1. To the nearest Å, what is the center-to-center distance of the stretch B:201-269 and the stretch A:219-279, using C-alpha atoms only?
2. Only bridges with both residues in the stretch A:113-238 count here: give the DSSP antiparallel percent, nearest 5.
3. Tell me, how many Å apart are the Cα centres for the stretch B:13-76 and for the stretch B:130-188?
4. What is the sum of charges, Lys and Arg at +1 and Asp and Glu at -1, for the other residues whose Cβ falls under 14 Å from the Cβ of B:Ile125?
5. Counting only heavy atoms of the protein chains, get the accessible area per residue of the stretch B:63-299 (1.4 Å probe) and round it to a whole Å² value.
6. Show that you can apply the helix-only estimate: for the protein assembly as shown, add -39,500 (n - 2.57) for every DSSP H stretch of four or more residues, divide by all residues, and state [θ] at 222 nm to the nearest 500.
7. So what J values fall out for the stretch B:244-252 if you push phi through Karplus, 6.51 cos²θ - 1.76 cosθ + 1.60 with θ = phi - 60°, rounded to Hz, Gly and Pro as x?
8. Only bridges with both residues in the protein assembly as shown count here: give the DSSP antiparallel percent, nearest 5.
Amino acid sequence: MGKRSFTTMTMFILLAVMTLTAHAVSAVAADRAIIVKGSTTVLPVIQVAAEIFMDKNPEANISVQGGGSGVGIASLLDKTTDIATSSRKIKPEEIEKAKASGINVNEIPIAIDGIAVIVHPVNTVKAMTRTQIREIYTGKITDWSQLGGRKGKIVVVTRDTSSGTFEAFEALALNKEKVRPDALSSASNQAVAQTVAQTPGAVGYVGHGYLTPRVKAVAVDGVQCTKQAIQSEKYPLSRYLYVYTNGRPSGDVQRFINFILSKEGQRLVEEEGFVDILK
Amino acid sequence: MSAMKIQRKALVTLKEGAYKWLFATLAFASLVFLVGIVFTLLTESLPVFSKIRPTSFLFGPFWYPTADPPEMGIWPLITASFAVTAGAMVVCVPIGVGTALFIHELAGRRQRAFLKPVIEILAGIPSIVYGFFGMVVVAPILQDLLGIPTGLCAFTASLVLGIMATPTVASLAEDALSFVPRSFREASLALGANRWQTLTRVVMPAAGSGISTAVILGMGRAVGETMTVLMVAGGAAMVPKSLFDPVRPMTSTIAAEMGEAVMGSLHYNALFAIGLMLFLITLGVNIIAEIISRRFRLKLGLGR
Amino acid sequence: MAPETKICAQHIDFFYGRTRALKDISLDIYANRVTALIGPSGCGKSTFIRLINRMNDLIPGTRVEGKIIMDGLDINHPRTDVVDLRRRVGMVFQKPNPFPKSIYENMSYGLRINGMKDRNFIEQRVVSALKKAALYDDVKDRLHESALMLSGGQQQRLCIARCLVVEPEVILFDEPCASLDPISTRKIEELILELKKDYTIVIVTHNMQQAARVSDYTAFMYMGELVEYDLTEKIFTVPKERMTEEYLSGKFG
C-alpha cells in the first residue's frame, strides 16, 4: 500500500515536470512563430498564403487566427500579434490608443472585397439602388412587391453588429442608420449565405468571396457585383482589406507580406474570391 | 528495529498529511474558480451601470450596442431566453419524463439495453451539431410546413433545444424513479394494485420532486445553451410577438459579439453584465433544484 | 380436532434462470394456524412464501413447476386473477414499507385501488383494521400525519393493518421482525397470535425462538429442500431428522 502510494506520488511529480518542460519547449517555438490575427473575411487568404509561404521557407513558422477585425487590431495594440488583418480601416480612436501604448500603426492594403447583396435564386428582383437597400434594412421597405418583385414579406438577414463585414456594410450602404430590430442576424458569412439559400424571401449580404451558386447577387446602383467592377471601383459596395503591423515590418514578417503582395500571392487572393489590387 | 518502525510510521503520517493537503487543494480549486468568475463578472460588468441606469439596461427595448450613441436594453434578449426555454420545456418534459417512465416501468430488458445508450449518445452530441442540424434540416422543413417567412425563429430554437435537453431530463427522471425503493412497489402490488395504479399512485408521487429536479436541471441546460440558439434562433434583438419571430437569447448575444467587442469598451462591459444576469438565473435555477431534491430525499427517508 | 387445510403445495420446483431454488416442495398449510418456515439464509423459505401471492412474477427469468392450491384455486394457473389473489393473500415484508403518505392514505390505499369510494365505509374499515393491529390508540390523533414519522415497530404494525383493511384470508410474514428491537418484536408476536383466530398465517423467520413462540407448525428447509415439517412442539423436542436437530442446536446456520 505504502509503496503503491509512493509510486503514485512519483507519477504526479513526473507529470508536473513533463508539463513544465512542454511549456518551456512551446515557449521557445513561439519565439519564432509569426502570429497573424483578425478578420474572418481575410482569414482564408492568409491561411493559404501562410501554408505556401511555409512550404517555401521551412524555417518560417506562421500561426493564423481568426476572431474578427476588432480583435486583430486590439491584439496588435496589446502586442499579442505580429500582423493584424482587418476588413475595415483602422478607427481614429484605435490609432490614438496605439500611440498611447507606443505603437506605430503601419497600414498595407492587400486585396479588395466587394460586398454582394444576395437573394434567393427564385427571386425575380435583379437590381436595387443603395437607397432601396438602406430602406430594406431599416424597415421602410418590407415587401418584395415594393421592388417590383412577387408579393411576399422580405426576410432581412444581417451580420452581428460587431463584425467587420457589418461595419463595412453599415458604412457603405446604411449611412449609419440602424438595422430593423427584427432582422435575422448570423455569426458568419457562410451562415448568411446558408440562410438566404434556404429562405425564398430573404435578402442578405456577404463578402464577394462567399458567393455561391445557391444564392443570387443583385446589381447595386446598376452595377453587377463582378471582379472587374470592384477592381475599377465602379461597384459601390466595395472595400479594401488591410494588414496592419507595428512600424515597418522586417524579417519574416516583411517577407510574408511581400509574398502576399506578389503576383503569386495576389493570385491566391483571387482564388479565394476576392479581387487583387494589381491594376 | 523499533527506531526503524517509528521512522516508517512518521513517513506514513507525513504522506497521509501530504495527500490530505493535495486533495483539499484540488477540492478548493473549484471554489477559487467560482470566486474568480463571480469577481470577474462583477468587476467587468459594473462599469456599464455608471453609464446606463440598471432599469433601462434590464428593461430597455432596443439592443444596438455599436450604434452611435449605443442603445443597450437587454429586455429583448431576456424575453428571448425565456421564450425559447419555455418552448424547450414544452418539448423536453413530456418526451423526457415519458421516456424515463417507459424505460423504467414498461420496457423489457432488450428495449432498455437499446434505449439507454441511445439517450446517452443523444446527450453526447456536441451542441454545434444540433445547431447545424437545426439550421440546415429542421428550419427549412418548418418553413415550408408552416408557411412562415423564415425557419430561424423561437419555435425552431425551442424544438431543437428541447430535443437537446431531453436526455438530461430523461436520465435524471429515470434516476429519480429508480431511487423509489422497490419496497414501495412491492407493498402496492401485494395489496392487489395493478402496475398502472402502482405507477400513478405510489411511484410517481414518491419520485415527484426528483422528477421536478430533473425538469429544472433540464431547464438550466436550455437557458445556458449557446451554440444551438446562435445558429437557429435567428438572432433578431427584438421582443418576440409570436413563437415564429426570430429571437436573440442572452447566450448567443455574448457568443456572437464578445469576439468583436473592443476590450474595456462599454459594449464589452455590457456583454459581461449579460453574463452576470445569466449567472444569476442559472444560480437561482440550481438553488431551487437543490431545495426540491433535498425535500425529495427527506420524503423517501434517504437522509441528506 | 384435525385442522382444515387452507393451502396445499404439491411438488413445487422453482428456477431463477437455470438455478433450481426450490426442489420438490410439498406441504399443507392449515387454516387459522401459524406456520413457520425456518432454515439458514438462502434455503428458499422467502422464495416459497412469495409463490403464494405470486410476488415472484415481478422477477424476470423465473419459472415455477408444480401446483399450489388454495381453497380449490390453482394459484399459478395463468388465468388466475393475480389482483384478486393478492387481495386474499396479504403480505408483510422484512422492512416496514409504509408509503411516503399519511397514515390514513396508507390505510385506505388497498380499498381505493379496488374502486371503493364510500368515505364512511373506508373510514370504518380503516379504524377497525388499526384496532385489530393494536395501533389505533397510538395514531388516532395523527391519522393525517406522514406514516414515516412513526417508529419502526409502529410502521410495521401499520403495514400489518394496511393489509388487514382489504380483509385477506391469508397473511404472509417475511421476517417481519428482522429490523425491529425486542420490545417491538414482542408486540408483533402478540399480534400474530391474536390474528390467527381470524387468519391463516405463514411466517418466515431467522429466529428459532420466535418460531417456537408463535407457530403451531414448523417447516425446516435447507438448500431448497423441505427437510422436515411437523407440529412445532415436535420439531423442537423430538425432531426426526438429524439435520433439523443440528440446526436447532446451533451446529450450523
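The values are calculated or read from the model by the stated rules, or taken from the named source; none is laboratory data. Computed from a predicted model, the values in this text were never measured in an experiment. Every residue, glycine among them, receives a Cβ derived from its backbone with ideal geometry; neighbour counts consider all protein chains shown. Each accessible area value is taken on the protein alone, full model and side chains, heavy atoms only, with ligands, DNA and RNA left out. Shrake-Rupley method; radii C 1.70, N 1.55, O 1.52, S 1.80 Å.
1. The stretch B:201-269 and the stretch A:219-279 have Cα centres separated by 40 Å.
2. Values: 10 of 17 bridges.
Of all bridge pairs located within the stretch A:113-238, approximately 60 percent are antiparallel.
3. 30
4. Working: positive: B:Arg221; negative: B:Glu120, B:Glu225.
Spelling it out: positives minus negatives among the neighbours equals -1.
5. Working: 9580 Å² over 237 residues.
Result: 40 Å² per residue.
6. Numbers: 33 runs with 419 residues, N = 836.
Per the formula, -16000 deg cm²/dmol.
7. 9, 7, x, 9, 9, x, 4, 4, 6
8. Numbers: 50 of 84 bridges.
Around 60 percent antiparallel, to the nearest 5.
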